[in-house]
Amino acid sequence: MAFELMFLTHKRSKETLLRRQVRRLTLSNSFHDRLRCERVSRLSRIELLTLLNHPVQLDQVQEVEKGEVLVDSRGEGSFQRMR
């Protein structure tokens, strides 16, 4: 009797995938300051929405402003704060 292994991937919700895509897009278009060890946003929320390939609701995209610190070494960036 042959035994086959089935590898099932974990199903992710569409909201989680969209949140990860927005985060990845924001961080890829940010400035990395190596002296202060922080990532600074170069995009606003409206510009981020235009870069997404498909239409999304405004409440699904985190409020981001130009010049906002996203990630820093002290844990005080907007992407690091507790939700």
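Numbers below:
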read-out: Pair list, Cβ < 6 Å and 6+ apart or interchain, from the range 55-83 residues that are free of Cβ contacts under 8 Å to residues at least 40 places away in the same chain to residues that are among the acidic types (D, E); value: V69/E38; D72/E38; S78/E68
read-out: Search result, residues across the range 57-83 that are surrounded by 11 or more Cβ atoms within 10 Å (Cβ to Cβ) and of a type in the set (A, V, I, L, M, F, W, C); value: V61, V64, V69, L70, V71, F79
read-out: Selection count, the range 24-53, where residues are in a loop (DSSP other than H, G, I, E, B) and over 18 Å from K14 (Cβ atoms); value: 8
read-out: From the options V64, V71, V56, residue that is at negative phi, part of a loop (DSSP other than H, G, I, E, B) and at pLDDT 85 or above; value: V64
read-out: Condition met for E38 (free of Cβ contacts under 8 Å to residues at least 60 places away in the same chain and under 15 Å from the mean Cα position of the chain (by Cα)); value: no
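The values are calculated or read from the model by the stated rules, or taken from the named source; none is laboratory data. These numbers come from a predicted model, not from an experiment. Cβ coordinates were reconstructed from backbone atoms using ideal geometry, including for glycine residues, and neighbour counts include every protein chain displayed.
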